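Enquirer: Below you'll find the structure I mean.
The values are calculated or read from the model by the stated rules, or taken from the named source; none is laboratory data. Nothing here was measured: the structure is a model prediction, and the numbers come from that model. Glycine also receives a Cβ, built like all others from the backbone with ideal geometry; neighbour counts cover every protein chain displayed.
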């Protein structure tokens, strides 16, 4: 079974929340997304906008891990 683009996007958003890079996210009406920053700002995006934003944020996260500036947390760690 292959994952859809939506499943990849939600998976990346979940990782960004788990790693503390993003406060929260939720699905919005009409197939959109709402992303909440640590400052409390909520940003409503279309699926295309959310995909572009998430890919960029995930690339930054991976670069920080690669540079050793942050260490990824394992799911069982607090």
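Enquirer: Kindly indicate the residue of the stretch 21-56 that is in a loop (DSSP other than H, G, I, E, B) and touching a residue at least 24 places away in the same chain (Cβ under 8 Å) and also farthest from residue 73 (Cα to Cα) among those meeting that condition.
Expert: Result: 22.
Enquirer: Take the residues of the stretch 11-31 that are closer than 15 Å to residue 51 by Cβ and touching a helix residue (DSSP H, G or I) at 6+ places or on another chain (Cβ under 8 Å): which is modelled with the highest pLDDT?
Expert: For the stretch 11-31, the residue satisfying everything is 25.
Enquirer: Quick one: count up the residues across the stretch 43-59 that are exposed (fewer than 12 other Cβ atoms within 10 Å of the Cβ) and farther than 17 Å from residue 11 by Cβ.
Expert: 1
Enquirer: Quick check on my filter: what residues within the stretch 1-20 are under 13 Å from the mean Cα position of the chain (by Cα), outside any loop (DSSP other than H, G, I, E, B) and in contact (Cβ under 8 Å) with a residue 24 or more places away in the chain?
Expert: Of everything in the stretch 1-20, those that are under 13 Å from the mean Cα position of the chain (by Cα), outside any loop (DSSP other than H, G, I, E, B) and in contact (Cβ under 8 Å) with a residue 24 or more places away in the chain turn out to be 6, 9, 12, 13, 15, 16, 18.
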